[in-house]
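**Q** Please find one structure pasted underneath; my questions will follow.
Any read-out appearing in this document is the output of simple, stated calculations on the displayed coordinates, not a laboratory observation. Owing to the predicted nature of the structure, the values given are computational and were not obtained by experimental measurement. Because the Cβ atoms are built from the backbone with ideal geometry, glycine has one as well, and the counts that use them run over all protein chains shown.
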Amino acid sequence: MSMRKMVWLIFSVAITSVMLLGCQSDEDSFALKNENVSSVSVSESTGFGEVNPDFFMTYEEGDVLETFKQIISSAVQEPGIVDISLSGYDMQYMYEDGTTQGYHLWINEAGEKSIIMNVENSNITYTVSEEMTSQLRELMKTEEHTALVDEKISQVNIKGLIESHSDFFISYDQTEVLEAFQNIFSNAVKEPGIVNIADPEFYLEIIFADETKQKFYLWLGEEGEISTLMNVEDTHTIYTVPAEMTSQLREWIK
């Protein structure tokens, strides 16, 4: 073999080794350090690169920890360039030796894959199966029910936003309607995952007894469908309204 071919062979082997080590490094940084997970804490994500320490839930039960370990071990690395919105949740895995490992988590709808990213490597995403998404949604269910409005409502103003409803405006101050709206906001369900939604149809201005206000966007569902609410000051989070309450909304927004 000529010297030139020998040098080229050595160079090729070196490049291949570096690439393999890089891939291995990415996989190692995502994989759990060991099986001795003592707890998993979950918070709402506030940005890439670190775990938000304001946890709303910590899991320590053995069967639940096994599920969280399986979520990481079964995740599949996705190829390509990552261009993704802020995640819904952060997860901190704590080990028995006191060390921790952090992940960003996007929980999608039932029947869809969810997305996980190691907080130390925002260039690579991993997906987990539809079955795992169902388990994640079940685990997070205790946090999904959130009262959007706690104060007593004294008036509701509704204005159309899209072209087909641009002339629509109505105001309610009748007790039975206000009580129904109070019930709708109390029963709205926070939806986890990525917010990717069309322009809102309606704008709701909620006026309270102390004259303070809160404003929401509304996507009105068809009969038998859920409707969707979003606080105008938090466009990363949506809340769904049960189908039976959609029927009430459709009565008031004709």
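**Q** For segment 177-183, take each phi angle, set θ = phi - 60°, evaluate the Karplus expression 6.51 cos²θ - 1.76 cosθ + 1.60, and give the result in whole Hz per residue in order, putting x for glycine and proline.
**A** Result, rounded to whole Hz: 6, 4, 5, 5, 5, 4, 5.
**Q** Next question, about the same structure. What size of dipole, in debye to the nearest 20, comes out for segment 153-252 about its Cα centre when the only charges are +1 on Lys and Arg C-beta atoms and -1 on Asp and Glu C-beta atoms?
**A** Numbers: 5 positive and 18 negative charges, 44 e Å.
In debye, rounded to 20, segment 153-252 gives about 220.
**Q** Another question, if that's okay. State which entries of K113/K213; K152/K190; K33/K190; K113/K215 exceed 28 angstrom in Cα-Cα distance in the structure shown.
**A** Details: K113/K213 38 Å; K152/K190 21 Å; K33/K190 32 Å; K113/K215 32 Å.
Listed pairs above 28 Å: K113/K213; K33/K190; K113/K215.
**Q** Same structure again: With equal scatterers on the alpha carbons only and no solvent term, can you work out the Debye log10 of I(q)/I(0) for segment 153-252 at 0.11 1/Å?
**A** Results for segment 153-252 at q = 0.11 Å⁻¹ read -0.30.
**Q** Read phi for every residue in segment 243-249 and hand back ³J(HN,Hα) as whole Hz from Karplus 6.51 cos²θ - 1.76 cosθ + 1.60, θ = phi - 60°, with x for Gly and Pro.
**A** 4, 5, 7, 4, 4, 5, 4
**Q** I would also like to ask the following. Only counting other Cβ atoms within 10 Å, I'd like I84, I153 sorted with the fewest neighbours first. All intermediate terms of the calculation are to be shown ahead of the outcome.
**A** Details: I84 13, I153 20.
Ordered by Cβ neighbours within 10 Å, fewest first: I84, I153.
**Q** Enumerate the amide H contacts of E44 below 5 Å, restricted to partners 5 or more residues apart or on another chain; note that Pro and chain-start residues carry no placed amide H.
**A** Here F56, D90 satisfy the definition.
**Q** Between Q70 and S166, what is the label-point separation in nm under the 7 Å Cα-to-beta-carbon projection?
**A** 5.4 nm
**Q** Would you please give the FRET efficiency between K254 and K215, computed as 1/(1 + (r/R0)^6) with r the Cβ-Cβ distance and R0 = 25 Å, to the nearest 0.05? Intermediate values should be presented prior to the final figure.
**A** Working: r = 22 Å, r/R0 = 0.87.
Rounded to the nearest 0.05, the efficiency is 0.70.
**Q** If you average 1/r across every pair of different Cα atoms in segment 32-144 and take the reciprocal, what Kirkwood value do you get, in Å?
**A** Numbers: mean 1/r = 0.0710 Å⁻¹.
About 14.1 Å for segment 32-144.
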